[in-house]
Amino acid sequence: MEQLVKTLAAIFSITLIRYFVLAGIPFLLFYILLRSSTTKYKIQNRTATKKDFFREIMHSGSSSLVFAIISVIVLFTPLKSYTLLYTDFNAFPLWWVPVSLVLSLVIHDTYFYWMHRTLHHKKLFRFTHKVHHQSVNPSPWTSYSFHILEAIAEGGILVVLAFTLPMHADVLIMFTVVSLIINVYGHLGYEIMPKGLRNSFIFEIINTSVYHNLHHSKFKGNYSLYFRWWDKLMKTENPDYVKVYDRIQEQRFGSKTAVA
């Protein structure tokens, strides 16, 4: 038990440090060092306050603890023997490593979409998801800013992946890093996608910072995390998304970004 507590303390510390590094660097760049030179990239005109940032960091601390607890349960308790996780890289072909990582994002996007829509139900929203939506104008610190019950639901993806997808344990850890990086981008508050994305097929598939920012400012629609397909299929994509994205990119590049 003592060893498990030490492991939890170590995982919690790593999770917290990772959050501060991956959310802190973009915050330092866009909100402090390059603030005056990146105004064209900003999605909303309104500005978040120090009080908002402090609230987000406090909630993110408790979320990090929840994520650490779930990680320890999945990776360092007898439960692991019942999962599909493996530690020998030779157990599967090497090409399965990147494929399993991509598949983990696809599974997570599906999990997140339906979990997210459920939390928006009027009987659940004010008890859980309202905490996250206090950040009407999100920042990188918003990425882990959840009510503790939502943090449990968010962290549940680790359990789902462990029991449904054969993954090397290191790939599961890699998944949490990639997921946080994309999450930080979605909450950045600034659009940084290149001009050429708009006219590529990738634009029709992936989410952008504008995409998730609209969810925070409008409180509904655009429920997915990585990809647009669930919102398109369920007709929950914000109808103004492309128009707003084009406006921001035109603001950045000074010309139309879409083919007429």
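Ranking Thr176, Thr142, Thr49 by solvent-accessible area of protein heavy atoms (1.4 Å probe, all protein chains present), from largest to smallest, gives Thr49, Thr176, Thr142.
With only Cα atoms counted, the stretch 1-72 has Rg and Dmax values of 16.1, 53 Å. Of the residues Asp240, Asp109, the one with the largest accessible area comes first in the ranking Asp240, Asp109, computed with a 1.4 Å probe on protein heavy atoms.
Using the 1.4 Å probe convention, the accessible area of the chain works out to 51 Å² per residue with neighbouring protein chains retained. Computed extension length for Ile17-Asp170: 53.3 nm, one decimal, from 0.36 nm per residue of separation with the Cα-Cα distance subtracted.
Ordered by solvent-accessible area of protein heavy atoms (1.4 Å probe), largest first, the residues Lys232, Lys123, Lys130 come out as Lys123, Lys130, Lys232.
Checking every one of the GluC sites (Glu not before Pro) in the stretch 154-207 against DSSP loop status and a limit of 16 other Cβ atoms within 10 Å picks out no site at all. Take Val177: with every protein chain present and a 1.4 Å probe, its accessible area is about 50 Å². Sparse packing (at most 16 other Cβ atoms within 10 Å of the Cβ) combined with a DSSP loop state is found for the following trypsin sites (Lys or Arg not before Pro) in the stretch 43-98: Arg46. When you work out D = kT/(6 pi eta Rh) for the chain at 25 °C and 0.890 mPa s, using the Kirkwood radius from C-alpha pairs as Rh and the Stokes-Einstein form, the result is 127 µm²/s. When a 1.4 Å probe is rolled over the protein heavy atoms, the share of accessible surface on the chain that falls to carbon and sulfur comes to 70 percent.
Membrane-span-like helices in the chain (whole DSSP H runs, Cα extent of at least 30 Å along the helix axis, mean Kyte-Doolittle hydropathy of at least 1.0): 2-27.
The values are calculated or read from the model by the stated rules, or taken from the named source; none is laboratory data. Here the structure is a predicted model, which means the values were calculated and not measured. All Cβ positions, glycine included, derive from the backbone under ideal geometry; neighbour counts span all protein chains shown. For accessibility, only protein heavy atoms count, side chains too; no ligands or nucleic acids. Shrake-Rupley method; radii C 1.70, N 1.55, O 1.52, S 1.80 Å.
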